[in-house]
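Structure first, commentary second.
The values are calculated or read from the model by the stated rules, or taken from the named source; none is laboratory data. For clarity, every value in this text was computed on a predicted model and none was experimentally measured. With ideal geometry, Cβ positions are generated from the backbone for all residues, glycine too; neighbour counts draw on all protein chains shown. Each accessible area value is taken on the protein alone, full model and side chains, heavy atoms only, with ligands, DNA and RNA left out. Shrake-Rupley method; radii C 1.70, N 1.55, O 1.52, S 1.80 Å.
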Amino acid sequence: MSAILITGACGQLGSELRERERVFRSAFEQSDKSETGFTKIFFTDIKELDICDQEAVNTFVQNNGITHIINCAAYTAVDRAEDDLTGALKLNGFAPGYLAAAMKSVNGYMLHISTDYVFDGNGPLPYREEERTSPLTTYGRTKLEGEKAVIATGCRHNIIRTSWLYSCYGSNFVKTILRLAIEKESINVVFDQIGSPTYAGDLAESIIKIVSLSGNIPPCNQEERNWEDYIYHYSNEGVCSWYDLAYETIRLAKEKWPEESGYRFNCKVLPVTSDKFPAPAKRPSFSLLNKDKVKAAFSLEIPHWRSSLEKCIRNMKTQDFTT
Ligand SMILES: NC(=O)c1ccc[n+]([C@@H]2O[C@H](COP(=O)([O-])OP(=O)(O)OC[C@H]3O[C@@H](n4cnc5c(N)ncnc54)[C@H](OP(=O)(O)O)[C@@H]3O)[C@@H](O)[C@H]2O)c1
């Protein structure tokens, strides 16, 4: 029997995976060549399993026969991390190593999520996986430590670096813009930071495919693999600035919720430069990720950010961003 542990399951990505539990189980069982049968999936968040507690991680893995881990837990408050290096390092830097070590001890597999913030954003071209990392922030530095900790254990793994994640769940830029749009006449949004948004629902679907294929490679074929090569970049297709994303979000909201619905999305989006928005953590100005490797390895067709944003807003309810 395979048993998959999903950590941080109440966050954006974890919730999107939970929503797809049945699809996941069926995809995983179909590609499981070991014919070990039934797959159990455990969704945990800090209340059920604090991943910073190494003993608790080992006990959970042993007691539940965990064979695969998808780590969606992270310290994602980028500005707060600047004043809390210890907290961010524990969760982003050390805990992924505990999970990976637990998988190493049972010859298991781990998929870890990382970020575009491991780069400084000064590059002229979309970042490839092997490019030099140079994080600007505590969040980025601690996430990079997490990648290294996973690799150092020598466990079978994949690391996916993603960017600008949003979903109907959790807190994110798209939901903040929707909330501000019904409260304000106008909002200022930076137009000089460029990247690609990632709809967490799309990423969840790709993770299901990646874990089903990569996590099921028989142990006898593992030796020849160099797991450092198994870092992948993933975001939606296309390019935009935060201003473009805000503009499109409000345009789609106006379409979905016309004035008769009781919500008014007449707020103007004004483009401003980053110096008008001083924040504790400096954001990379160019965050594009090159996705050729993940698309080729797993035959992925990644949707354009505009169509995924539309899909997300179509599924969203007003209480998702008003409460
Ligand atoms: N959000 C983005 O824009 C973005 C961009 C690039 C990469 N990523 C990466 O993508 C991954 C998923 O991000 P996300 O946005 O889905 O994160 P998220 O919504 O912040 O969810 C993280 C979850 O982890 C939980 N958690 C916190 N401490 C924990 C602990 N000690 N043990 C277990 N769980 C704990 C959080 O609980 P609480 O809410 O109670 O703290 C939360 O439910 C992360 O690795 C993140 O670094 C995110």
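Kindly indicate whether residue 11 is within 10 Å of the ligand (Cβ to nearest atom), surrounded by fewer than 18 Cβ atoms within 10 Å (Cβ to Cβ), under 25 Å from residue 142 (Cα atoms) and not aromatic (Phe, Trp, Tyr).
So residue 11 does not fit the description; no.
Among the residues that make up region 147-163, is at least one of them more than 19 Å from residue 210 (Cβ to Cβ), open to solvent by less than 30 Å² (accessible area, probe 1.4 Å) and either part of a strand (DSSP E or B) or within 11 Å of the ligand (Cβ to nearest atom) (or both)?
Within region 147-163, not a single residue is more than 19 Å from residue 210 (Cβ to Cβ), open to solvent by less than 30 Å² (accessible area, probe 1.4 Å) and either part of a strand (DSSP E or B) or within 11 Å of the ligand (Cβ to nearest atom) (or both).
Among (1) β-branched (Val, Ile, Thr); (2) buried (at least 24 other Cβ atoms within 10 Å of the Cβ); (3) within 27 Å of residue 215 (Cα to Cα), there is one condition residue 138 misses while meeting the rest; what is its number?
With respect to (1) β-branched (Val, Ile, Thr); (2) buried (at least 24 other Cβ atoms within 10 Å of the Cβ); (3) within 27 Å of residue 215 (Cα to Cα), residue 138 is out only on (3).
Go over the candidates 20, 25 one by one and state the one that is more than 9 Å from the ligand (Cβ to nearest atom) and modelled with pLDDT of 95 or more.
After ruling out the rest, the residue left standing is 20.
Which condition number in (1) at positive phi; (2) open to solvent by less than 30 Å² (accessible area, probe 1.4 Å); (3) not aromatic (Phe, Trp, Tyr) is the one that residue 170 fails?
Every listed condition holds for residue 170 apart from (2).
Quick check on this structure: which one of 264, 251 is free of Cβ contacts under 8 Å to residues at least 12 places away in the same chain and closer than 19 Å to residue 315 by Cα?
Testing whether each residue is free of Cβ contacts under 8 Å to residues at least 12 places away in the same chain and closer than 19 Å to residue 315 by Cα leaves just 251.
Among the residues of region 99-125, write down those that are surrounded by fewer than 21 Cβ atoms within 10 Å (Cβ to Cβ) and part of a helix (DSSP H, G or I).
101, 104, 105
Could you check how many residues of region 211-243 are part of a helix (DSSP H, G or I) and modelled with pLDDT under 95?
Going through region 211-243 one residue at a time, the tally reaches 10.
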